[in-house]
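Trainee: Sharing a structure, written as structure tokens. Questions coming.
The values are calculated or read from the model by the stated rules, or taken from the named source; none is laboratory data. Note that the structure is predicted; figures quoted are calculated from it, not measured. Here the Cβ positions follow ideal geometry from the backbone for every residue, glycine too, while neighbour counts run over all protein chains shown.
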Amino acid sequence: MKIREAVEYIENIPRFTKKHTLDHTREFLKRLGSPEAGLKVIHVAGTNGKGSVCAYLQAMLLSEGKHVGMFTSPHLVSMNERIRIDGRQISDDDFLRVFRKVRDTARRMGEDGIAHPSYFEFLFGMGMTAFAESRPDYVILETGLGGRLDATNAVAEPVLTVITSISRDHTQYLGDTVEDIAREKAGIIKKGVPVICDGTDETALQTIRERARQMGAKCREITKNAYEIREITDKHIAFSRVNAYDGSTTWLLKGSGLYQAMNASLAIAAMEELFFLRRPDFGLPQRNDAREAFARWRDALARVVWEGRMEEITPGVFVDGAHNPGAVEAFVKSAGSLQGPPPVIVFAAVADKEYERMAAYLCRNLPAKAYVITEVDDPRKVPAKEMGEIFSRYTDREVVVCPRTEKAWEEAQKRRLPGERIYFLGSLYLAGMIKARRGELRSEGERNAEL
């Protein structure tokens, strides 16, 4: 079997099965041999920032010499990205090996009258199978959608939970209000297991606090008062934290996403809980020991590149996975904080997102030199013509409709002068498409520039 055949099998799963209960996921894991048993799991939920927190945690754990597994979603280019061991996505050979085991288990379930695992369940089963084989010191699990009913919540005894920023997204599944959504995310909190959370939104915070109280779980809240932005450029941001040990430390992160200071702060707080408070893996630290640990973590974070988040893929061209109103607001805050002329914005969205709300916010709060509207390669895409009409209702700036991403790239480049920026956003699918074809697109743009 080739990797392409395995990927096609997984991509076809939504055609013959659907979302299942946690009892179904637990039965699935049991038939896989309970791969989660004995693993130290850090469980991460939230609307935005989950993947970044996972990446930052992974980097700091590796800096401590730990063996680390990480399961995230979605992928941008390759399905292998979802399963990483010690910072590297699993190889095609490893992907195929765990795929066969999970597929065979799913077939036996069918023979016993049990529904086939869903798309996400199947990949989650592959990830846990891979981790059971490699036996990492820690496994970082990112929820797929929500938390309470998410397949990853079948792991009964994590060592720590983290909840990132919460805003409206997937309202058809999670509820119409921030309180409803926070309640679903807080469903990952387990009895007596500490939780680190983003305390920015008071409504969400109150819901998380109440769930933590009910579960007897210590809740550490990270607010915007916990850190201070020192510098922002289109290459990096620098921030400091209010902390007894690292108050004089300046933390540096790649990229220009202001929101990453909060995500990094959540990850650092999680590390403090793991290493200094709950599970002192290298002994109860003295002050100097802690400072040395912070120095290692600082160096590790400075090297992290989390793809598709204010990522510069070629000079002056950035992709950002902002795909809901909260993420677009964070993007606008970051892009608007940089000096320079108005950028060119390339936008695409899928139909189950609040795309008109995103478009209106962009136009009102980050006037662009031009808006180039394109489409993603997905059945749920919003047609470029329809999306272009929406943008035209909210702006008097130029709106260019280009269904093909190749043409959108070309038109965006035509409108950019030296020193100006292009941002691709609106969908993680768009970020993945651009990253997958950036070499081809860049070459095409360079050829056009020579003509």
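Trainee: Starting from residues that are among the β-branched types (Val, Ile, Thr) and part of a loop (DSSP other than H, G, I, E, B), keep the ones in region 1-44 and report whichever is surrounded by the fewest Cβ atoms within 10 Å (Cβ to Cβ). Outline the logic, then answer.
Mentor: Narrowing region 1-44 to residues among the β-branched types (Val, Ile, Thr): 3, 7, 10, 13, 17, 21, 25, 41-42, 44.
Narrowing the set further to residues that are part of a loop (DSSP other than H, G, I, E, B) leaves 17, 21.
Working: THR17: 16, THR21: 12.
Only one residue tops the list, namely THR21.
Trainee: Any residue in region 177-191 that is of a type in the set (S, T, N, Q) and modelled with pLDDT of 95 or more?
Mentor: no
Trainee: I would also like to ask the following. Look at ILE208 and say whether it is surrounded by 13 or more Cβ atoms within 10 Å (Cβ to Cβ) and touching a Cys at 6+ places or on another chain (Cβ under 7 Å).
Mentor: So ILE208 fits the description; yes.
Trainee: Let me ask you something else. Just to be sure I understand, how many residues within region 415-432 are in contact with a strand residue (DSSP E or B) (Cβ under 9 Å, 6 or more places away or on another chain) and farther than 19 Å from VAL328 by Cα?
Mentor: Summing the residues that are in contact with a strand residue (DSSP E or B) (Cβ under 9 Å, 6 or more places away or on another chain) and farther than 19 Å from VAL328 by Cα in region 415-432 gives 3.
Trainee: Sticking with this structure for a sec: Taking the conditions exactly as written (more than 13 Å from PHE71 (Cα to Cα) and modelled with pLDDT of 95 or more), does ALA154 satisfy them or not?
Mentor: Spelling it out, ALA154 is indeed more than 13 Å from PHE71 (Cα to Cα) and modelled with pLDDT of 95 or more.
Trainee: Let me ask something else about it. Of all residues being of a type in the set (Ser, Thr, Tyr) and farther than 20 Å from SER134 by Cβ in region 8-49, which is nearest to the chain's Cα centre (by Cα)? Just the residue, please. Break it down stepwise before answering.
Mentor: So in region 8-49, the residues of a type in the set (Ser, Thr, Tyr) come out as 9, 17, 21, 25, 34, 47.
This time we only want the ones that are farther than 20 Å from SER134 by Cβ, so: 9, 17, 21, 25, 47.
Details: TYR9: 24, THR17: 25, THR21: 24, THR25: 22, THR47: 9 Å.
Only one residue fits best here, namely THR47.
Trainee: Kindly list the number of the only condition in (1) without any contact (Cβ under 8 Å) to a residue 60 or more places away in the chain; (2) under 22 Å from the mean Cα position of the chain (by Cα); (3) not in a loop (DSSP other than H, G, I, E, B) that fails for ASP377.
Mentor: Only one criterion in (1) without any contact (Cβ under 8 Å) to a residue 60 or more places away in the chain; (2) under 22 Å from the mean Cα position of the chain (by Cα); (3) not in a loop (DSSP other than H, G, I, E, B) is unmet by ASP377, namely (3).
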